[in-house]
Structure formats: structure tokens, C-alpha cells
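Engineer: Input: one structure, supplied below.
The values are calculated or read from the model by the stated rules, or taken from the named source; none is laboratory data. Owing to the predicted nature of the structure, the values given are computational and were not obtained by experimental measurement. So basically every Cβ, Gly included, is an ideal-geometry build from the backbone, and we count neighbours across all protein chains shown.
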Amino acid sequence: MTHWWRRGVFYEIYVRSFQDSNADGVGDLEGIIQRLDYLNDGTPSSLGVDALWLTPIYPSPMRDFGYDVADYCSVHPLFGDLRTFDRLVEEAHRRGIRVVLDFVPNHTSSDHPWFRESRSSRTNPRRDWYIWRDPKPDGTPPNNWVSSFGGPAWTLDPSTGQYYLHSFLPEQPDLNWRNPRVIEAMEDVLRFWLDRGVDGFRVDVIHKLVKDRALRDNPKPPPEEEHPVYHFGGQVHLYDEDQPEVHDIIRRWRKLLDHYGERMLVGEVYLFDAERLARYYGNGADELHLAFNFRFLWSPWDATAFRREVETIEALLPRSAQPTYVLSSHDAPRHRTRFDHPSLGDARARVAALMLLTLRGTPFLYYGEEIGMRDVPIPPERICDPVGQRFPGLGRDPERTPMQWSAGPYAGFSTVEPWLPLAEEYDQCNVETQLHDPCSLLTFYRQLIWKRKRSLALLEGGYRTLPSPDGVFAYLREHPEQNLAVALNFGNEPVTVTLPRAGKLWLSTNVGRLETEGLHWNLAASEGIVVELEGSRTA
């Protein structure tokens with residue numbers, strides 16, 4: 001049996017920005033229900049995605065827009081209620097779409113009842129549900145750990161005279177995952193949503209769950225090795241993340257989900273060391289089903305860079321494990337912006353799509369990338385993201401702007417001013433404009449996704465890198481019944497590629513391509529092709 005999460009195309013929905021159904025300027029669950037047929041109505045006229053990942057929908061004070069959870073077992077009124085969520089799951093399942101919920105186990109909101117009890121006194125039964133420590137003799141924090149959002153990872157609580165740990169905002173205190181009662185309580189949360197029919201969970205910052213028992217200081221990196229992303233805060237994050245005990249927790253979760261049948265876990269493992277990332281798969285059957293590989297989010301537009309990342313993860317994963325690939329997300333600039341070019345921007349977007357959807361692995365699309373949405377400049381007075389408020393120019397609002405459905409008022413997202421500004425070009429870059437245009441980016445995504453569903457080579461085949469000229473990333477997807485060769489020209493000039501065997505064109509990013517079969521293929525600048533090689537049993 002091939003599991004759905006191995007074959008499927010996932011689609012991340014930033015719920016606040018997908019579709020507003022009640023004219024408050026914020027997207028909601030009812031809005032998603034209204035757009036399900038666009039996502040997959042069972043025919044090639046729809047996008048054809050197989051699973052939705054919803055960003056957090058829980059009650060929250062929204063200091064980090066849902067990643068500060070105040071109640072794990074309910075729905076924020078902004079987004080609807082549990083009845084609406086149940087209907088969303090039912091309607092999605094009726095269309096063959098799975099629903100994956102964002103699970104945020106590392107920290108809660110400071111408004112969560114657990115934390116309110118914990119901070120009420122040093123003797124409260126829930127005191128040890130969070131990580132509290134006395135100040136150093138001079139009154140400073142217990143160690144040198146820093147928050148991912150800047151500043152110390154410790155905040156002093158004057159009423160009890162101790163510091164509490166927060167890997168992100170002070171309003172997001174970290175849970176103590178060395179406490180068995182925390183583990184049990186969060187497993188109850190998983191059961192709550194699994195019983196409601198959720199098909200799986202995207203687990204937020206899973207690598208941060210367990211901290212060093214002794215809370216030792218993180219060392220500084222050697223000056224010649226210091227990296228602003230890997231070593232944020234000027235530290236090697238040796239003791240505040242990726243502790244061995246986290247794997248024990250994941251194995252417990254895997255057993256829990258296995259009791260429910262075809263459910264899955266995909267972990268946000270924000271580690272840039274591929275060897276450490278691969279460990280989160282366990283033996284391939286006892287830890288995460290999938291772990292996010294984020295290296296594409298920071299790769300330049302370069303064939304060698306992408307080939308190196310793919311070959312690295314292919315070599316490290318357990319035999320039965322499957323990689324994931326993602327080009328855009330709610331935490332990183334959109335790839336249509338990162339890879340833009342004055343004349344080849346749209347062509348590059350097509351090559352990126354072809355790579356994402358033909359590599360061996362599970363692809364994750366980010367809402368709007370199928371129409372080429374770009375990052376949107378946010379005026380200072382409209383900045384919402386706490387990162388952007390603290391570090392102007394580094395915020396995540398630009399990639400979280402409303403979905404562009406039409407050229408009408410507010411891009412068809414709402415009937416009132418949205419919570420974030422719209423792109424100036426939404427009247428040209430939108431679903432309605434592209435839906436019936438045979439040459440549009442959206443049409444290319446739909447064609448590719450639906451062809452992928454019928455391709456055994458792409459769904460189940462192996463991966464092998466092919467020799468290629470400079471600037472070209474070429475690989476083979478091999479299955480006993482079908483062999484597909486993929487050649488992606490990342491260069492700004494034409495190039496000729498020779499494949500292992502002659503074959504027929506299966507798909508090209510260039511709508512006007514005339515060459516349809518052969519051994520030697522001339523690729524235009526920023527063109528990608530898929531060729532079905534001779535000897536394949538399927539046409």
C-alpha cells in the first residue's frame with residue numbers, strides 16, 4: 001500500500017489570508033469551504049491538491065497570529081467554531097482532500113489557563129508545566145539563551161521572583177516536555193482532533209521541544225563559521241534545541257497516530273544540517289512520517305545548488321523515508337519574489353513548479369504560488385508581524401497577504417479592507433484572470449498536478465541524477481512501467497541537453513515548444529522539460 005501522504009500534493013493555507021466569508025477582513029473556515037472546489041473538485045478544471053495544511057485556528061490573543069495558543073481544543077471566533085471545522089473536514093473529505101492541522105506543542109500563550117496557574121505561585125501543581133528558574137546571583141537570566149524573535153529567552157515574573165523560558169515572544173512561554181503530565185495532556189489534544197477526523201498534523205518547531213536538563217549556556221561559533229540564520233543571537237544552539245529526548249516523544253506520537261490508521265505527522269524541523277534533519281524520520285517507520293526540508297527556501301537560483309540539496313537528502317534518509325520539498329511558506333519570502341528576473345520571472349516560476357512537483361518526495365505548495373503571487377511591501381503603519389515590528393524589513397507580513405481571487409474589489413478576498421494590504425498588481429495576477437488562459441501559470445500548475453496523479457514514475461519511482469551541462473539540473477524518475485527524464489535550465493541562455501535514451505515530450509514549461517521527441521533537446525533560457533523515455537510501458 002502506498003500512503004496518501006507519499007503520493008499527495010499538499011497546499012498550505014494561511015487561514016487569515018485565504019478567503020473572508022463574513023466581511024471582517026480576515027479569512028476564516030467558511031471561506032475555505034467556499035473555495036474547496038477550486039482546490040479539488042475531482043476534475044482537471046480544479047487545482048487538484050490532495051491535502052490542506054491549515055495554520056493555527058485555535059483561540060489565541062494573536063500576538064503571534066495563532067502560534068500563541070490559549071486553548072488547544074477549540075476554534076477562535078475569528079475563524080468560526082467547531083461545527084464549522086467539522087463541516088470543513090466533511091466537505092474536504094467528500095472531495096478527496098485530506099485536512100492537516102497545525103499543532104503548536106513547544107509553547108502556549110501566556111493567556112493559556114495552564115500558564116496562568118503556573119505563574120500564580122511557586123507551589124502551584126502546574127508550576128512545573130513550564131520552565132522556571134531562579135535568577136543568577138546578580139539578578140540576570142539563568143543562562144545566555146536567546147529568543148528566535150530577538151532578545152533574551154527569559155522573562156522575570158516579579159510576583160514569584162523567577163524567570164520563565166520562552167523561545168519566541170515573552171507571551172509564548174515554553175512548556176516543560178520533561179514533565180510526564182505535559183506529555184499526557186498534549187496527547188489528549190492530539191486525540192481530540194483525531195477523533196474529529198483530522199488526517200494529520202504539521203508540528204511547529206518540533207526540534208525545540210526538549211531543552212538541556214542542566215540549561216547550560218550555548219557556546220559561540222568560531223568567527224569564521226558564524227552564520228546569521230544558523231547561529232542567530234551569535235550562538236551555536238547546542239542546548240536549547242535538538243535534544244535526544246525529543247525522539248522519545250515523537251515515537252510516542254507515532255504509536256498514537258498508528259492506532260487511528262492513515263494519519264500522519266510532518267514536522268517543522270528548522271535545522272539546516274541535513275544529517276540531523278534525517279534523524280527525525282527514525283528508522284523510517286517509527287518517528288515522523290515527513291520532516292520539512294527548508295533548504296530550498298534559502299537556495300539561490302542555481303542548478304548546482306538545487307542538485308546538491310537533493311542529492312544530500314537522498315543520501316541521508318532511511319531507505320523507506322520520503323523527503324519533502326517547499327519553495328515558499330508563511331515564514332519565508334515567496335519564491336516568485338526571490339527568483340524574479342526582469343524578463344524571465346514567469347519562466348523561472350514554471351521551472352520552479354516543475355522541479356517541486358517532479359522530484360521524489362512530497363511537495364508542499366503555499367497558497368497563491370500557483371498564480372505567481374509576490375511579496376507585498378507593507379507600509380510601517382500596517383505592519384502586524386511581531387518580527388517586523390521589532391526588526392523593520394525582516395517581517396513575515398509580505399508573504400502573508402490576501403489571496404488574489406479576482407480583479408474585483410479587494411481581489412475577491414473580502415468585501416471590506418483586508419487585514420493586510422493587497423498587491424498592486426492583483427487586477428492582473430489573480431485566479432479569475434488565469435483560470436481560462438491556456439498559457440497562464442495557474443493552467444500550468446493544474447496540468448502538471450493532474451498529470452502527476454497519473455504518473456507512476458512521479459508517484460512511486462526512484463530518483464537518479466543525470467549528467468547535464470552547466471546551469472542544468474537533470475534527473476531521472478524510474479519506475480518499472482515508466483521512466484521520465486526531467487531537465488531544468490536555470491540559465492539565462494539556451495542550452496542543449498542529451499538524455500540517456502530518446503523519448504517523447506511529456507511536458508514543457510514552454511507552451512510554444514515545437515520539438516516533441518528525440519535524444520538531444522534544445523532548452524530555451526529558463527525552460528524545463530519532462531521526457532518519457534523509450535521503453536516506458538505507459539504513454
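Engineer: What are the pairs with Cβ atoms under 7 angstrom where one residue, in the stretch 460-474, is surrounded by fewer than 16 Cβ atoms within 10 Å (Cβ to Cβ) and the other, located anywhere, is not in a strand (DSSP E or B)? Sequence gap at least six, or different chains.
Structural biologist: Close Cβ pairs satisfying both conditions: 462/360; 465/307; 465/311.
Engineer: Can I ask one more? Tally time: how many residues in the stretch 330-381 are acidic (Asp, Glu) and under 17 Å from the mean Cα position of the chain (by Cα)?
Structural biologist: Qualifying residue count for the region: 4.
Engineer: Is it true that some residue in the stretch 292-302 is under 18 Å from residue 3 (Cα atoms), buried (at least 22 other Cβ atoms within 10 Å of the Cβ) and not acidic (Asp, Glu)?
Structural biologist: yes
Engineer: In a loop (DSSP other than H, G, I, E, B) and either in the same structural domain as residue 31 (by TED's automatic domain parsing) or surrounded by 15 or more Cβ atoms within 10 Å (Cβ to Cβ) (or both), is that true of residue 388?
Structural biologist: no
Engineer: Those residues that are surrounded by fewer than 23 Cβ atoms within 10 Å (Cβ to Cβ) and either among the acidic types (Asp, Glu) or in contact with a Leu (Cβ under 7 Å, 6 or more places away or on another chain) (or both), I need them from the stretch 142-162; list them, please.
Structural biologist: 142, 143, 149, 157
Engineer: In addition: Within the stretch 198-220, does at least one residue satisfy the condition of being of a type in the set (Asp, Glu), more than 21 Å from residue 166 (Cβ to Cβ) and assigned to a helix (DSSP H, G or I)?
Structural biologist: no
Engineer: Here's a follow-up. Taking the options 128, 212, name whichever one is over 21 Å from residue 255 (Cα atoms) and either outside the structural domain of residue 102 (by TED's automatic domain parsing) or in contact with a helix residue (DSSP H, G or I) (Cβ under 7 Å, 6 or more places away or on another chain) (or both).
Structural biologist: 128
Engineer: Show the residue pairs meeting these rules: Cβ distance below 7 Å; 6+ apart or different chains; first residue within the stretch 493-517 and in the same structural domain as residue 475 (by TED's automatic domain parsing); second residue exposed (fewer than 12 other Cβ atoms within 10 Å of the Cβ) and assigned to a strand (DSSP E or B).
Structural biologist: Listed by first residue and then by second, the contacts come to 496/520; 498/520.
Engineer: To continue, here is another question. Please go through the stretch 498-539 and give me each residue that is at pLDDT below 95 and charged (D, E, K, R), ordered by number.
Structural biologist: Result: 513, 515, 517, 534, 537.
Engineer: State yes or no: is residue 416 outside the structural domain of residue 368 (by TED's automatic domain parsing) and part of a loop (DSSP other than H, G, I, E, B)?
Structural biologist: Taking the combined requirement at face value, the residue does not satisfy it.
Engineer: So residue 255 fits all but one of (1) free of Cβ contacts under 8 Å to residues at least 40 places away in the same chain; (2) surrounded by 22 or more Cβ atoms within 10 Å (Cβ to Cβ); (3) within 15 Å of residue 201 (Cβ to Cβ); what number is the exception?
Structural biologist: (2)
Engineer: Which residue pairs have Cβ atoms under 8 Å apart, sit 6 or more places apart or on different chains, and have a first residue in the stretch 433-447 that is among the charged types (D, E, K, R) and a second that is assigned to a loop (DSSP other than H, G, I, E, B)?
Structural biologist: Partner pairs satisfying both residue conditions: 446/44; 446/45; 446/46; 446/47; 446/48.
Engineer: Please tell me if residue 87 is touching a residue at least 24 places away in the same chain (Cβ under 8 Å), within 17 Å of residue 154 (Cβ to Cβ) and surrounded by 14 or more Cβ atoms within 10 Å (Cβ to Cβ).
Structural biologist: no
Engineer: Exactly one of (1) crowded, with 17+ Cβ neighbours inside 10 Å; (2) in a helix (DSSP H, G or I) is unmet by residue 381. Its number?
Structural biologist: In the conditions (1) crowded, with 17+ Cβ neighbours inside 10 Å; (2) in a helix (DSSP H, G or I), residue 381 misses (1) alone.
Engineer: Report, by residue number, each residue of the stretch 423-458 that is surrounded by fewer than 20 Cβ atoms within 10 Å (Cβ to Cβ) and part of a loop (DSSP other than H, G, I, E, B).
Structural biologist: Hits for the stretch 423-458 are 428, 436, 437, 438, 439, 454.
Engineer: Could you list, in sequence order, all residues of the stretch 2-31 that are basic (Lys, Arg) and under 24 Å from residue 262 (Cβ atoms)?
Structural biologist: 6, 7
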